[in-house]
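The structure appears below as structure tokens.
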Amino acid sequence: MPKLNQFKTLVLDEFEEEKFHLPPHTHTYYEIIYIKKGSGIHHLNNNLLPYKAGDLFVISPDDEHYFDIKKSTRFIFIKFTDNYFNSKQNLTCDEFLVNTPESFMRDKILKEMVLKFDEPCKTILKNTVENIVTYGHYIDVTSSPIVFYQILSLFGLIKETIRGMNLQMKSTHLDSEQIANYIHQNIYQPKLVQVKVIADHFNIAQTYFSAYFKRTFSISYREYIHNLRTTLIEKRFHNNQLPIKQIAYEFGFTDESHLTNYFKKRKNMKPTDFKKL
């Protein structure tokens, strides 16, 4: 199955076809697809979704899809990579930093049914998509704040429609207790508590995570990790039942000297001296 690639952060594409030019495929980027006119069947992850003018679909890299066109269809594709939103963190509100558009677009409910936009959302949707395309004729859309906010507004319309249809999406509330539990469970594996990994795990923008953590826990993420790891190591030393080499292995240090240097930097003493206290 072909996998399509895209290197520009944002691409707009409008075209009309009687037969869709692509076979079933996946891609490395995200797509918002608006049906300007026409009808047919959208094959999306083994779901058959009848489409008509005014419908909107969101596609993530995990999805497999193609269009079976019944009546000549005019498509508008808004295609963007991960870097599109990541490069505009300064323009994004907190909600979209915590619950990224990319994670929102992966929700299974958006792949299982066609969204029913009621007025005035239907008209606003049509006008917004056309505004984005119009801007694309005159400016470089990849760097335009106006286009960026127009795209964000599409997600607002989708959320409004989901509420109106009484659909339940996967919870995107970021729970500080869940974060703390994750850290405590994975503190023994350094790779799993790296900012990138934990941010991906909770679908929060990596560039935002550290600021969110400090605001929520009143301590930097880096210091929290060091304090927790050091406290647990101290407990191991106090129990005096395990050799330093084994404790080093338990906490993911490369060897005993690595743990010794880490502990000395944190406590200003060697583990052997601490165990004597």
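The values are calculated or read from the model by the stated rules, or taken from the named source; none is laboratory data. Just so it is clear, the model here is predicted, and its values are computed rather than measured. All Cβ positions, glycine included, derive from the backbone under ideal geometry; neighbour counts span all protein chains shown. To get the accessible areas, we keep the full protein, side chains included, count just its heavy atoms, and leave off ligands, DNA and RNA. Shrake-Rupley method; radii C 1.70, N 1.55, O 1.52, S 1.80 Å.
Just to confirm, what accessible area per residue do you get for the chain at 1.4 Å probe, in whole Å²?
Working: 15110 Å² over 277 residues.
That works out to 55 Å² for each residue.
Using the Karplus relation 6.51 cos²θ - 1.76 cosθ + 1.60 with θ = phi - 60°, the per-residue 3J(HN,Hα) values for segment 34-41 come to 10, 8, 7, 7, x, 7, x, 10 Hz, with x marking Gly and Pro.
Of the listed residues Met269, Met105, the order by accessible area with a 1.4 Å probe, largest first, is Met269, Met105.
Could you look at the chain and say what percent of its accessible area is carbon and sulfur, using a 1.4 Å probe and all protein chains? Show your work: numbers first, answer last.
Details: 7530 of 15110 Å².
Ligands and nucleic acids excluded, carbon and sulfur give 50 percent.
Amide H contacts for Glu14 (H built 1.01 Å from N in the peptide plane; partners 5 or more residues away or on another chain; cut-off under 5 Å): Phe77.
Using the Cβ-Cβ distance between Glu18 and Ser143 with R0 = 41 Å, the FRET efficiency computed as 1/(1 + (r/R0)^6) comes to roughly 0.70. To the nearest ten degrees, helix 256-267 and the longest principal axis of the Cα atoms of the chain are 90 degrees apart. Over all orientations, segment 124-277 has a Cα convex hull whose mean projected area works out to 13.6 square nanometres.
Note on Tyr149: accessible area approximately 110 square angstrom, rounded to 10, probe 1.4 Å, nucleic acids and ligands left out.
Computed about the Cα centre, the dipole magnitude for the chain is approximately 1140 debye when only Lys and Arg (+1) and Asp and Glu (-1) carry charge, each at its Cβ.
Given a 1.4 Å probe and heavy atoms of the protein chains only, how would you sort His238, His43, largest accessible area at the top?
Details: His238 120, His43 45 Å².
The residues order as His238, His43, largest area first.
Over all pairs of different C-alpha atoms in the chain, the reciprocal of the mean inverse distance, the Kirkwood hydrodynamic radius, equals 21.9 Å. Panel values: segment 1-87, Kirkwood radius from alpha carbon pairs, Stokes-Einstein at 4 °C and 1.567 mPa s, translational diffusion coefficient 98 µm²/s. Taking the longest Cα principal axis of the chain as reference, the axis of helix 121-136 is set at about 80 degrees. Distance from the alpha carbon centroid of segment 15-61 to that of segment 124-147 works out to 20 angstrom.
Using a probe of 1.4 Å, the accessible surface attributed to Asp107 totals some 20 Å² when neighbouring protein chains are kept in position.
Residue ranking by accessible heavy-atom surface, 1.4 Å probe, largest first, among Lys122, Lys245, Lys275 comes out as Lys245, Lys122, Lys275.
Helix-only estimate, please: 222 nm mean residue ellipticity of the chain, summing -39500 (n - 2.57) across DSSP H runs of length 4 or more and dividing by its residues, to the nearest 500. Write out the running numbers ahead of the final one.
Details: 13 runs with 128 residues, N = 277.
Theoretical 222 nm ellipticity from helices: -13500 deg cm²/dmol.
Tell me which of Gln185, Ile198, Asn47 sits at the most positive position along the dipole axis of the chain, charges placed on C-beta atoms (Lys, Arg +1; Asp, Glu -1). Result: Gln185, furthest along the dipole toward the positive end. The figure for Glu17 is an accessible area of roughly 40 square angstrom, using a 1.4 Å probe on the protein chains alone.
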